[in-house]
Structure formats: structure tokens, C-alpha cells
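> Structure in C-alpha cells, see below.
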Amino acid sequence: MIMNKQEFLTCLGLQVHTLDFWLEQRWLIPEENAAGIDFSDVDLARARLIRDLKTDFGFNDEGVEMILHLVDQLHGLRGVLEQLAGELQTPTSR
Amino acid sequence: MKNPYDVLGVAPTASAADIQIAYRKLAKKLHPDLNPGDRAAEEKFKEVAGAYDLLGDAEKRKRFDNGEIDASGAERPQQRFYRDFATSDRSHRYTDTSGFADFTDSEDAFAELLRRSERARANRPGRDVHYRLPIDFVESITGASKRLTLPDGGTLDVKIPAGLVDGQVLRLRGKGARGTGKGRPGDALIEVEVRPDRRFTREGDDISLELPISLSEAVLGGKIRVPTPTGEVTMTVPKGSNTGTTMRLKGKGAPRRSGGHGDELVRLKVVLPKSPDPALEAFVSNWEKGKTFNPLEDRTS
């Protein structure tokens with residue numbers, strides 16, 4: 001599902017300046033086009049994670065920054081491992 | 001259902017602050033997004049979050065302590081966590097592979113495999129970019145070439161096919177965002193908005209037009225100039241034409257999908273001279289037949 005900025009704010013119960021800060025920090029990188037910003041399910045789930053980190057767990061901005069960086073690396077690694085596992089199962093002729 | 005105090009590992013006498021501390025400690029360890037591969041962590045996290053929902057809210061905690069509600073409290077709505085997306089293609093904007101770049105430097109087979117998948121990731125197709133382009137009604141019928149100015153200052157030439165309708169989306173292959181490496185570029189998707197025209201309206205493949213004519217043209221007939229999307233044409237108005245008389249200009253409408261064109265329907269509208277004319281008034285007052293004609297009785301016109 002694609003949302004615009006207003007729908008995204010309502011869905012998460014966020015203030016505009018909070019979201020703007022997250023976008024500025026590039027914690028969220030939604031798709032932009034000529035008409036504005038499109039937020040997808042991925043962005044929504046990621047924003048929920050950031051919200052949990054900030055409000056429920058009480059991390060400050062530096063902490064969030066660091067956690068996101070580690071989580072992104074972890075997922076990068078998981079993605080590559082998954083791909084490798086796939087390649088090992090179906091060996092390509094070289 | 002487990003006792004929420006046991007789930008959080010606090011005594012039933014614990015203060016609100018202690019409960020929050022206990023929750024934060026457990027949640028940080030169990031949050032599904034921080035344990036992407038661990039299904040058990042998700043279950044435990046839900047349990048912990050459910051317990052905190054109950055005990056973190058003073059009102060709910062009191063009702064639970066009094067036995068008014070059970071430990072299930074209010075069920076948390078189903079939530080899709082970030083980890084459900086994170087390894088899919090859709091999150092490639094966020095994932096980061098720099099954390100194991102050093103692995104690919106070595107010579108062994110594992111490094112070679114890593115390098116290959118790195119290359120596969122490097123050749124990612126670009127994404128599609130969406131634009132909106134308003135055009136004039138006439139351009140939608142005849143087709144046109146438009147130049148779109150992009151937000152980054154570049155331009156894009158768009159060929160509008162004849163007969164396009166409002167809201168139609170044109171796909172320009174390879175004109176979207178650049179891919180990385182050998183990945184092909186994305187497409188530009190252009191939604192075309194047809195601006196309404198003062199004169200013409202479209203009905204399927206036909207277009208219609210209301211054309212004002214003078215009283216003398218209506219009574220005596222004659223040749224009149226009619227605008228069409230492809231320029232003016234001459235049309236003969238028959239003697240005794242009335243307001244509402246519709247004439248058909250063959251092939252002046254929008255192109256048909258099956259070939260050929262629709263028609264332009266010209267609805268005539270008789271318009272009297274703006275300022276009262278003494279000669280016309282004198283004629284009408286002496287015109288006996290005009291006084292006996294009652295249009296209300298004559299429904300055929």
C-alpha cells in the first residue's frame with residue numbers, strides 16, 4: 001500500500017517535525033516523485049521500529065542511528081547469505 | 001495465559017517505574033527487528049508487550065489486580081515488523097553490505113561466491129518514476145509532442161498518441177531512474193491529464209460542440225465556419241435550422257481503436273442580435289403566422 005505524507009503521519013501518530021527529522025537523518029528513504037513522497041509498507045514498518053526504539057526503549061538519536069546502521073548491515077548480510085544458499089542449491093555452469 | 005508479573009519478572013508490588021524498566025530491558029533483547037531470524041523471539045516479545053500493555057497502564061493494572069480482566073487484556077493488533085521486509089528486494093534502499101566487504105578481498109571459494117552475489121546486487125535495475133502531464137483537449141484528439149521538465153532540470157520528450165483519454169498512463173521504457181552497474185534503467189510512467197475545453201466535449205470517440213448561429217443563418221440557411229480539433233471547416237446549414245438541430249461532421253472526432261475516426265456532432269443554437277432591432281421588432285409584430293404558432297403545442301421540434 002502506498003501512502004502520502006499526511007496518511008503516513010496519521011497512521012503512525014507522528015508529528016510532522018519528527019518525521020521531517022527522520023527523513024533529514026535518512027533513517028527513512030521513501031520514494032520521491034514529481035507529485036511528492038510515496039511511503040510504502042517497508043517505510044511504515046521501519047518507521048514503527050524507529051518509533052519503538054525512541055519511545056518504548058528510550059534510545060536517543062545517536063542510539064537510534066547506530067542501531068539502524070547495525071540492523072541494515074545485518075539485513076544486508078542476511079540477504080547475501082540467502083542468495084548464496086540459493087546459488088549453492090542450484091549450481092550455475094561456469 | 002501466563003501471569004503478566006511473571007512474564008516481566010517483577011513482583012506484584014513493583015512500582016510503575018520498575019515495570020517500565022523491566023519491560024524495556026526485555027523488549028530491547030526480544031524486539032523482532034533486532035532478532036530477524038529468531039521466530040521464538042517474536043512470540044516472547046508479543047508476550048512481554050502484552051504484559052506491559054496491561055501493567056504499564058495504571059488503570060488496566062488495577063482492574064487486573066482486582067480480577068476484573070484476565071491476563072489476555074486487550075490483544076495487540078497484528079503488526080508487520082520491519083524484518084518481514086528487510087531482506088526482500090523492496091528494502092534495498094536501506095540494506096548495507098559494507099559490514100562484510102573485507103570478506104570479499106580474499107582468494108577462497110567463499111569470497112568468490114560473495115563477490116558474485118555482490119555483482120548481482122550491483123546490477124540492480126533502476127526504479128520507475130511517475131510524472132503528471134496536463135495537455136489541451138485538442139492535443140488529446142490530434143496527438144502532440146510535449147517536453148516535460150524534470151525536477152532535476154533535465155527534459156523528457158513525450159509523444160502524445162492521438163485519441164488519448166484523461167488519466168491514461170504512458171510508459172516510456174528506460175526513461176526512469178538509472179540502474180546500478182549493468183542494471184537496466186527504470187521506466188517513466190506519465191499520467192496524462194486532459195484539460196477540459198470550453199468548446200468541445202468528448203463522448204466516446206465522438207466529440208460534440210455547441211455552435212451559436214445568427215437568426216438569418218437559421219432562417220435562410222447558409223455556409224458557416226465550424227471549429228474542429230484539426231482546424232476550421234465550412235459546413236452548410238439547411239434552411240429553417242433550429243436551436244437543438246444536430247449536424248454530423250464525419251471523421252472529425254477522436255481516432256477509433258479499430259481505425260478511422262469518430263464524428264463531430266454540432267448542436268446549433270440560434271442567437272438573436274444583442275441590441276434590440278427596430279426593423280426586426282416591426283417585422284415580428286406584423287407577422288401574423290408567428291402569432292398563431294405555439295411552440296408548447298408543437299413538441300416535434
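The values are calculated or read from the model by the stated rules, or taken from the named source; none is laboratory data. Since this is a predicted model, take the numbers as computed values, not measurements. Every residue, glycine as well, gets a Cβ built from its backbone with ideal geometry; the counts of neighbours run over all protein chains shown.
> Hey, B:S72 hits all of (1) modelled with pLDDT of 85 or more; (2) more than 7 Å from chain A (Cβ to nearest Cβ) but one; which does it fall short on?
Looking at each condition in turn, B:S72 falls short on (1).
> Which is under 28 Å from B:G259 (Cα atoms) and within 14 Å of another protein chain (Cβ to nearest Cβ), of B:I190, B:I141?
Details: B:I141 fails: within 14 Å of another protein chain (Cβ to nearest Cβ).
Exactly one residue qualifies, and that residue is B:I190.
> Of all residues in region B:21-39, count the ones that are farther than 15 Å from A:L49 by Cβ and at pLDDT below 85.
Total meeting the criteria: 3.
> Within region A:29-43, restricting attention to residues that are at the interface with chain B (Cβ under 7 Å from one of its Cβ atoms) and among the hydrophobic types (A, V, I, L, M, F, W, C), which residue is surrounded by the most Cβ atoms within 10 Å (Cβ to Cβ)?
The qualifying residue surrounded by the most Cβ atoms within 10 Å (Cβ to Cβ) is A:V42.
> Quick check on region B:158-174. Is at least one of its residues in a strand (DSSP E or B), basic (K, R) and not assigned by TED's automatic domain parsing to the domain that holds B:L265?
yes
> Taking into account only those residues within region B:33-54 that are within 9 Å of chain A (Cβ to nearest Cβ) and more than 12 Å from B:L8 (Cα to Cα), which is surrounded by the most Cβ atoms within 10 Å (Cβ to Cβ)?
Selected residue: B:D33.
> In region B:208-301, which strands (runs of 3 or more DSSP E) lie fully inside it and hold 1 or more residues that are among the hydroxyl-bearing types (S, T, Y)?
Fully inside region B:208-301 and qualifying: B:222-228, B:231-237, B:246-249.
> Now for a separate question. Inside region A:48-62, can you point out the residues that are more than 15 Å from B:P32 (Cβ to Cβ) and either at the interface with chain B (Cβ under 7 Å from one of its Cβ atoms) or in contact with a helix residue (DSSP H, G or I) (Cβ under 7 Å, 6 or more places away or on another chain) (or both)?
A:K54, A:G58, A:F59
> May I pose another question? Do we have B:R202 as of a type outside the set (V, I, T) and surrounded by fewer than 17 Cβ atoms within 10 Å (Cβ to Cβ) here?
Against the criterion (of a type outside the set (V, I, T) and surrounded by fewer than 17 Cβ atoms within 10 Å (Cβ to Cβ)), B:R202 does not qualify.
> Give the residue, chosen from A:L14, A:L53, A:L19, that is more than 22 Å from B:A177 (Cβ to Cβ), among the hydrophobic types (A, V, I, L, M, F, W, C) and in contact with a Gly (Cβ under 8 Å, 6 or more places away or on another chain). Working first, answer last.
Values: A:L14 fails: in contact with a Gly (Cβ under 8 Å, 6 or more places away or on another chain); A:L19 fails: in contact with a Gly (Cβ under 8 Å, 6 or more places away or on another chain).
Within the list A:L14, A:L53, A:L19, the selection yields A:L53.
> B:F64 fails exactly one of the following numbered conditions: (1) more than 30 Å from B:D152 (Cβ to Cβ); (2) modelled with pLDDT of 85 or more. What is the number of that condition?
Of everything listed in (1) more than 30 Å from B:D152 (Cβ to Cβ); (2) modelled with pLDDT of 85 or more, B:F64 misses just condition (2).
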